[in-house]
Ligand code: SAH
């Protein structure tokens, strides 16, 4: 991915968050103010933006908002990817962060409340069994290296596999294993795709709400741990923002 943050350091960060309940604790913690988006994005999009300055860093949190017809959070790949592209063009951030919750695999060492930085993004529900299109479907994107950030903030690292379902079919499971994923979400690869189109460096921070290969039903476990994960995010995201502020993207890694 490109390096607009390499010239003069990171000054503006755009944080993309799928669910309102994930975003609001952070909006409060960072004392951000909601902006009116109707002039910037015409057509009555449900997207919301919260902005402010943290230690000299311009911070924008964008959320895809509530589905126009059903009123629930617009989770999944399409809304987050559209929002990332459009808001990325408008805000020209030096860095995009996709923050949110995710399922974690205990076989890969994940525990509830852990915050993972993605090393790689891939899709597990885009099966196109034609040569080359098969690889396009998986759509692997290698994340920018952030070894220093991971070490200095004591975060965990792992690959993210994205799909448009909260549950996991046997076929999904097979593909998630093939993707060697530690974390399963519904937006990571889609935000990475849009960030890649824009050539803006992107990081993802995912807090584990449920153990996919555990014994509890996913929906129950997700709802039970949503607030633990949201508070882990509202602790970690500000630390990451302070850490990246003014640094060059290349400084986030040791190699
Ligand atoms: N039942 C929820 C719906 C949330 S959808 C509600 O009450 O609103 C799940 C959201 O959390 C998505 O944004 C997704 O990225 C993330 N997520 C958490 N655990 C997940 C898992 N096991 N698989 C896929 N996505 C998960």
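Taken together, the values in this text are just the output of simple stated rules run on the coordinates, not laboratory data. Quick caveat: nothing in here was measured; it's all calculated off a predicted structure. Glycine also receives a Cβ, built like all others from the backbone with ideal geometry; neighbour counts cover every protein chain displayed.
Listing 173, 28, 22 from the residue with the fewest other Cβ atoms within 10 Å to the one with the most, what is the order?
On the way: 173 14, 28 11, 22 24.
Ascending number of Cβ neighbours within 10 Å: 28, 173, 22.
Per DSSP H run of n ≥ 4, the term is -39500 (n - 2.57); total these for the chain, divide by its residue number, and report the mean residue ellipticity at 222 nm rounded to 500 deg cm²/dmol. Kindly include the intermediate steps, with their values, before the conclusion.
Working: 7 runs with 84 residues, N = 255.
It comes out at -10000 deg cm²/dmol, rounded to the nearest 500.
Regarding the range 77-177, what's the average projected area of the Cα-atom convex hull, expressed in nm²?
Numbers: hull surface 31.6 nm².
Convex hull of Cα atoms, orientation-averaged projection: 7.9 nm².
Restricting the count to DSSP beta bridges whose residues both fall in the chain, what percent are antiparallel, rounded to a multiple of 5? Walk me through the numbers before you get to the answer.
On the way: 18 of 48 bridges.
Bridges in the chain are about 40 percent antiparallel.
Just the number, please: percent antiparallel of the DSSP beta bridges in the range 87-189, rounded to the nearest 5.
Roughly 30 percent of the beta bridges in the range 87-189 run antiparallel, per DSSP.
Could you grab the relative contact order for the range 4-245? Cα pairs under 8 Å, six or more apart, rounded to a whole percent. Don't skip to the answer; put the middle values down first.
Values: 531 pairs, mean separation 64.9, N = 242.
Relative contact order here is 27 percent.
Would you kindly state how much longer the chain becomes between residue 108 and residue 239 on full extension, computed as 0.36 nm times their sequence separation minus their alpha carbon distance, in nm to one decimal? Write down the numbers at each step before the final one.
Numbers: separation 131, 0.36 × 131 = 47.16 nm, distance 2.50 nm.
Net length gain for the segment: 44.7 nm.
Restricted to Cα positions, what overall size does the range 184-255 have along the principal axes? Three whole-Å values, descending.
Projected onto the principal axes, the Cα atoms of the range 184-255 cover 42, 27, 21 Å.
For the range 1-113, what is Rg from Cα atoms divided by 2.2 N^0.38 Å, rounded to two decimals? Could the numbers behind the result be given before it?
Details: Rg = 15.0 Å, N = 113, 2.2 N^0.38 = 13.3 Å.
My calculation over the Cα atoms of the range 1-113 gives 1.13.
What is the Cα coordinate range of the range 142-240 on the first, second and third principal axes, sorted by size from largest, in whole angstrom?
The Cα atoms of the range 142-240 stretch 35, 29, 21 Å along their principal axes.
Of the peptides 96-107, 241-252, how do they stack up when ordered by the mean number of other Cβ atoms within 10 Å, highest first?
Details: 96-107: 24.6, 241-252: 17.9.
The most tightly packed comes first, giving 96-107, 241-252.
Starting from 0.36 nm per residue, how many nanometres of slack lie between residue 28 and residue 177 once their C-alpha separation is accounted for?
Values: separation 149, 0.36 × 149 = 53.64 nm, distance 3.71 nm.
Here the answer is 49.9 nm.
Which of 124, 60 comes first, and how do the rest follow, when ranked by fewest Cβ neighbours within 10 Å? Spell out each step's value before the answer.
On the way: 124 26, 60 20.
Least crowded to most crowded, the residues run 60, 124.
Work out the P(r) tail for the range 4-245: percent of alpha carbon pairs separated by more than 24 Å, whole number.
41 percent
Taking the Cβ of each residue in 177, 11 as the centre, tally the other Cβ atoms inside 10 Å and list the residues starting with the fewest. Can you show the working numbers first?
Working: 177 13, 11 17.
By the 10 Å Cβ count, ascending, the order reads 177, 11.
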